[in-house]
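Accompanying notes for the structure given below.
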Amino acid sequence: MSTPPLFDRRRFVNVSAGVAVATLTSNSWSAHAVTMADIPIVDTHQHLWDLKKFKLPWIGSEPGLARSYVTSDYLEAVAGLPVSKAVYMEVDVDPAQQVDEAEHLIALSRVKENLTVGAVISGRPASDGFAAYIRRYRDNAVIKGVRQVLHVPETKPGTCLQPEYIRGVRLLGEMGKSFDLCMRPTELGDAAKLADACPGTRLILDHCGNADPKAFAKTLGAVGGKPSHDADAWRRDIQALSAKPNVICKISGIVVRAVKGHWSAADLAPIVNHCLDSFGPDRVIFGSDWPVCTLVASYREWVVALRDIIRERPQSEQKKLLHENAERFYKV
């Protein structure tokens, strides 16, 4: 999930190599064809929610997402794209349903056609019951890690640096689980401090640190308003965070902060390229942030834009970003 305000299909089609070509054209894009079948994709940021099963307290603030998004919808969204596996990302369910969420995803992962092979579940590392909650999944290979969205209004800066929080994040590392960082771009310094405090836990920075494309593209700023952070400060913070060996970066989520109908791959390129150059080819992974991305772009449009941005990079690096690193980090 990305940052408006909190988040912040019917059938999978296997494409033969060299056959499937996706072409994206619009008044803000030049026509560009990208061969989609040559490199498989592991999507490390797949959201699913069934409003008949789960309560999402935030859903009322996002009318564009206020319906169920289930596996059949996801399969329709990725049809024609070489998506081979997906890792579910928690959707901030009502805390009383956190165990239900985890058990639901464990069951989904048993159905091969779903593509979902792992899950990052919701959790509050500082809560009194966190240790007991997460220990029940110590030996469950489906549960890969935990996330708590930190950029919501009720969460204050520095929350992740409290002793109780650090203790919970360290516990995840002791169990071989990861922790996803989804925070305001102005608070990436907290992420670096948390990385130092929890050297045994893999931290995964969601959405390129929630970078705002309007901070890098004047054309977007002209139609979308003032950016939420300074571009140079973000660059420095990403560079500092990349120096922490236990942090990896997820290339995801940034398109939803662009301006619908006015963005291009070139607007996202400064963010993507800085993250790829800072973290290097071995500590970056791809995520769709679907269906949140659909507030601005379809799944296909985001994939085509990313492929456009990275097309000059060595194919070995593209493979690491799109699937090899994810397979290694998540053991899928």
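Counting only residues at least eight positions apart within a chain, or on another chain, the lysines with an alpha carbon under 16 Å from that of K260 are K214, K218, K226.
Here the residues K331, K177, K226, K319, ranked from fewest to most Cβ neighbours within 10 Å of their Cβ, fall in the order K226, K331, K319, K177. Computed extension length for V223-S72: 50.9 nm, one decimal, from 0.36 nm per residue of separation with the Cα-Cα distance subtracted.
In the distance distribution for region 143-277, Cα-Cα pairs more than 25 Å apart total 27 percent. Measuring how big region 21-330 is from its alpha-carbon positions, Rg and Dmax come out at 18.3, 54 Å. Sorting W58, W49, W263 from the fewest to the most surrounding beta carbons within 10 angstrom yields W58, W49, W263.
Remark: spin-label model distance S298-R138 equals 4.7 nm, labels positioned 7 Å along the Cα→Cβ axis. From most to least packed by mean Cβ count within 10 Å, the peptides 246-257, 125-136, 86-97 give 246-257, 86-97, 125-136.
The dipole here belongs to the chain: it is taken about the Cα centre, uses +1 on the Cβ of Lys and Arg and -1 on the Cβ of Asp and Glu, and is about 380 debye.
Distance from the C-alpha centroid of region 195-265 to that of region 56-128: 23 Å, rounded to the whole angstrom. Think of the chain as having a plus end and a minus end, set by charges on the Cβ of Lys, Arg, Asp and Glu; of A326, W302, V152, A326 sits farthest toward the positive end of this dipole. Note on the chain: antiparallel DSSP beta bridges, both residues inside, total approximately 20 percent of the bridges counted.
Roughly how many debye, to the nearest 20, is the charge dipole of region 186-257 about its Cα centre, given +1 on each Lys and Arg Cβ, -1 on each Asp and Glu Cβ, and no other charges? Display every interim value, and only then the final one.
Details: 10 positive and 8 negative charges, 40 e Å.
Dipole magnitude for region 186-257 comes out near 200 debye.
In the chain, the DSSP-assigned H stretches of four residues or longer account for a calculated mean residue ellipticity at 222 nm of -9500 deg cm²/dmol, using -39500 (n - 2.57) per stretch and the full residue count as denominator.
What's the extension gain from T155 to D196 if we count 0.36 nm per residue and subtract their Cα-Cα distance? Can you show the working numbers first?
Working: separation 41, 0.36 × 41 = 14.76 nm, distance 2.12 nm.
Between T155 and D196, full extension yields 12.6 nm more.
A simple spin-label model places pseudo-atoms 7 Å from Cα toward Cβ; at E113 and A79 they are separated by 1.4 nm. Positive contributions from Lys and Arg (+1) and negative ones from Asp and Glu (-1), summed over other residues with Cβ under 11 Å from the Cβ of L321, come out at +3.
Sequentially through region 270-287, phi angles give Karplus couplings (6.51, -1.76, 1.60; θ = phi - 60°) of x, 6, 4, 5, 5, 5, 5, 6, 6, 7, x, x, 9, 10, 9, 9, 9, x Hz, Gly and Pro residues having no value and appearing as x. By its C-alpha gyration tensor, with a ≥ b ≥ c as the square roots of the eigenvalues, how is region 80-180 shaped: rounded for a/c under 1.5, else prolate for a/b larger than b/c, else oblate? Since a/c reaches 1.5 and a/b is larger than b/c, the shape of region 80-180 is classed as prolate. Using a simple spin-label model with pseudo-atoms 7 Å out from Cα toward Cβ, D282 and A233 lie 3.3 nm apart. Which links in K177/K244; K144/K320; K112/K156 stretch past 29 Å when you go from one Cα to the other? The pairs that break the limit, which is 29 Å between Cα atoms, are K112/K156.
None of the figures in this text is laboratory data; all of them are computed from the coordinates on show. This is a predicted model, so every value here is computed, not measured. Neighbour counts run over all protein chains shown; Cβ positions are idealised from the backbone, glycine included.
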